[in-house]
Amino acid sequence: MFTRICLVLAVCLGLAACSGYQRPPTAFHETLTQPYRLDSSDRLRIIVFGQDDLSNTYVVDQAGYISFPLIGNVAARGKTQIELGNEIARKLRQGFLRDPDVSVEVDTYRPIFVMGEVQNAGQYSYVAGMTVQNAIATAGGFSARAQQADVDITRQINGEILNGRVPISDPIRPGDTIYVRERYF
């Protein structure tokens, strides 16, 4: 009897080890309540009030910068919209405008990626408030072999790439990669 119990316990532990489950780190969900941080491929609407020639849309390039008239490249990666607006205003005060009033809004967020057991894996536009389930629906829904309870998400936070398994009701962030696993039975 003892041998059977040990054998069943060993099999259960072996299966649990093979599952590959990774509980998301605390920073994974904390980022959902923090101000949005800009990154590459975000398209920004920047308005300098009273300066129509400077007000326009700008895209954060792969290096994390936007090219702004008069002041050149401005680092945007990792900054909030308010921080970027303050930085542009500070640089414009240095010999260009007396008291610039700058507003920064996200026009289009960087894309999300949906992979694995979905009908149409690929890159999709992010919409504010999107959940994993919304993203999967955008990708055409689950395939016939999809594990539908939870998914793996890869998210970059403060330059660090984090992975975690979350239920499909969890919110996602721009730039997330969602991987829908195959079910075994």
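Before we move on, is ASP99 farther than 24 Å from VAL60 by Cβ and either surrounded by 15 or more Cβ atoms within 10 Å (Cβ to Cβ) or hydroxyl-bearing (Ser, Thr, Tyr) (or both)? When the stated conditions are applied, ASP99 does not pass them. Within region 39-71, the set of residues being at pLDDT below 95 and not in a loop (DSSP other than H, G, I, E, B) is empty.
Each row is one residue, and each column tells you yes or no for (1) surrounded by 14 or more Cβ atoms within 10 Å (Cβ to Cβ); (2) within 15 Å of the chain's Cα centre (by Cα); (3) in a strand (DSSP E or B); (4) of a type in the set (Lys, Arg).
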position: LEU84; (1), (2), (3), (4): yes, no, no, no
position: ILE88; (1), (2), (3), (4): yes, no, no, no
position: ASP107; (1), (2), (3), (4): no, no, yes, no
position: PHE113; (1), (2), (3), (4): yes, yes, yes, no
position: THR154; (1), (2), (3), (4): yes, yes, yes, no
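Taken together, the residues in region 151-178 that are touching a Phe, Trp or Tyr at 6+ places or on another chain (Cβ under 9 Å) and not small (Gly, Ala, Ser) amount to 16.
Conditions (1) assigned by TED's automatic domain parsing to the domain that holds ILE153; (2) without any contact (Cβ under 8 Å) to a residue 60 or more places away in the chain, marked per residue:
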| position | (1), (2) |
| --- | --- |
| PHE28 | yes, no |
| VAL48 | no, yes |
| GLY72 | no, yes |
| ALA76 | no, yes |
| ASN86 | no, yes |
| PRO100 | no, yes |
| VAL104 | no, no |
| GLU117 | yes, no |
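Scanning region 115-152 for residues that are β-branched (Val, Ile, Thr), under 23 Å from GLU30 (Cα atoms) and surrounded by fewer than 19 Cβ atoms within 10 Å (Cβ to Cβ) yields a total of 2. Of all residues in region 156-183, those satisfying the criterion of being assigned to a loop (DSSP other than H, G, I, E, B), closer than 23 Å to GLN62 by Cβ and of a type outside the set (Asp, Glu) are ASN158, GLY159, ILE172, ARG173, PRO174, GLY175.
The values are calculated or read from the model by the stated rules, or taken from the named source; none is laboratory data. Note that the coordinates shown come from a computational prediction; the quantities given were computed from them, not determined experimentally. A quick note on method: Cβ atoms are made from the backbone with ideal geometry, for glycine too, and the neighbour counts reach across all protein chains shown.
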